[in-house]
1. Take the residues in the stretch 217-245 that are touching a strand residue (DSSP E or B) at 6+ places or on another chain (Cβ under 7 Å) and in a helix (DSSP H, G or I); name whichever of them is farthest from the ligand (Cβ to nearest atom).
2. Restricting the search to the stretch 55-110, which residues are over 30 Å from R155 (Cα atoms), in a loop (DSSP other than H, G, I, E, B) and β-branched (V, I, T)?
3. Can you work out which of the residues in the stretch 293-348 that are charged (D, E, K, R), away from the ligand (no atom under 15 Å from the Cβ) and buried (at least 16 other Cβ atoms within 10 Å of the Cβ) is nearest to A23 (Cα to Cα)?
4. Considering only the stretch 30-69, how many residues are under 29 Å from F197 (Cβ atoms) and among the polar types (S, T, N, Q)?
5. Residue by residue through the stretch 182-202, note down the ones that are in a helix (DSSP H, G or I) and surrounded by fewer than 19 Cβ atoms within 10 Å (Cβ to Cβ).
6. Just one of the numbered conditions (1) within 16 Å of the ligand (Cβ to nearest atom); (2) of a type outside the set (D, E, K, R); (3) at pLDDT below 95 is not true of M36; which one?
7. Can you tell me how many residues within the stretch 134-165 are part of a strand (DSSP E or B) and buried (at least 17 other Cβ atoms within 10 Å of the Cβ)?
Amino acid sequence: MHKNTCDPLDWLRPEIAALKPYAVPDAAGLVKLDAMENPHRWPAEMVQAWQAELASVSVNRYPDPRAPALKTALRQVMGIPADAEILLGNGSDELIQMLTLSFARPGALLLAPEPSFAMYKLTAEVCGMHYAGVPLHLNYRFDTEAMLAALARHRPALVFIANPNNPTGNAFDEAGLRAVIAQAPGVVVLDEAYYPFTQANALGWLNQYPNLLVMRTVSKLGLAGLRLGLLCGPARWLDHIDKTRLPYNINVLTQASVAFALRHARVLTQQAAAIRAERERLFGELRQRSALTVYPSEANFILFRAPSARADALHAALRASGVLIKNLHGSHPMLADCLRVTVGLPKENTIFMNALDAALAKS
Ligand SMILES: *Cc1c(COP(=O)(O)O)cnc(C)c1O
């Protein structure tokens, strides 16, 4: 090999060199309840019809970046207002990146409640944008006053609010959200990744606030592997953000597969209903464990607090018995001792509860 003593740290942006990579644990062989995936499969006939349809997709051609058929299907299934534009991303993660790239003027700031979705802060760091987190209130309630004060203090170009929130699971007070959107000097993005599991829906607010964008994804609905997110809002914003999109970001297989799945949306909405019912069962079960503090959820996961200083051991014991959940202890001061479990199939949730009881029984 050519001898080169060149040091990456001499050339990389320091914020990239300092970054901790987004870690995805290996889940092979484990009951996977860590990533808010829909655990249900499609009926066999549906899988067959899907695969037959994919046979006619031209993988030798670039995808159509406008994806009109897909957007029409998304409009119908999600009830997106006719006067709102749609921008597609390779997952909503990519939309967060496109938004942040677009607004990262020198000195510009991204603001979000905390604790919330890790990608807001991470993407701000990657794109060289300042970041401020506003702590949630007791029991992770939306702290409207603190948010309004932060708007005045930081004048954020971008505000991201996940509703329902990840990793806490609760939906925020509507009046508080509206006050923040009304007072924000820049854009507010309401991230409705968990819309299949809640009544909260801000698509109808789009025509009331010129600075509001609503972001959704098909991931939590059951299509996480396909990578498709959407940003809805006025063309006056989206036409500019669209310029940061790589031309062919939604591949042909994803376009065809999501369009197919949306033609069978009933299967997905029935799965979401089953997940909501199972969430209530799991919530009731967890609530009976007096050692735990369990937080109400309008998403497809449940946050709970373990007895003091035991989250790491519980997480490891669960993993040793074949169940992978998310350990949030150490990720944020307000998440000390907290664990997050995704709602799985009924039998997976039972395996989880049994493993949890066994782990709790060990001193
Ligand atoms: C899971 C999640 C996303 C990411 O969705 P993708 O479309 O899979 O990239 C976005 N926002 C929140 C709040 C999430 O929990």
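1. Result: A235.
2. Here is the first cut: in the stretch 55-110, the ones over 30 Å from R155 (Cα atoms) are 55-79, 82.
Remaining after also requiring in a loop (DSSP other than H, G, I, E, B): 55-67, 79, 82.
Across the stretch 55-110, the qualifying residues are V57, V59.
3. Top of the filtered list is R319.
4. 3
5. A182, Q183
6. (3)
7. Applying the first criterion (part of a strand (DSSP E or B)) to the stretch 134-165 yields 134-135, 158-162.
Keeping just the survivors that are buried (at least 17 other Cβ atoms within 10 Å of the Cβ) gives 134, 158-162.
Number of matching residues: 6.
For every residue, the table says whether it meets (1) in a helix (DSSP H, G or I); (2) out of contact with any strand residue (DSSP E or B) (no Cβ under 8 Å at 6 or more places or on another chain); (3) at pLDDT below 95.
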{"position": "P247", "(1), (2), (3)": "no, yes, yes"}
{"position": "L262", "(1), (2), (3)": "yes, yes, no"}
{"position": "Q270", "(1), (2), (3)": "yes, yes, no"}
{"position": "A273", "(1), (2), (3)": "yes, yes, no"}
{"position": "R279", "(1), (2), (3)": "yes, no, no"}
{"position": "R289", "(1), (2), (3)": "no, yes, no"}
{"position": "A299", "(1), (2), (3)": "no, yes, no"}
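The values are calculated or read from the model by the stated rules, or taken from the named source; none is laboratory data. This structure is a prediction, so every number in the text was calculated from the model and none was measured. Ideal geometry is used to build each Cβ from the backbone, glycine not excepted, and the neighbour counts take in all protein chains shown.
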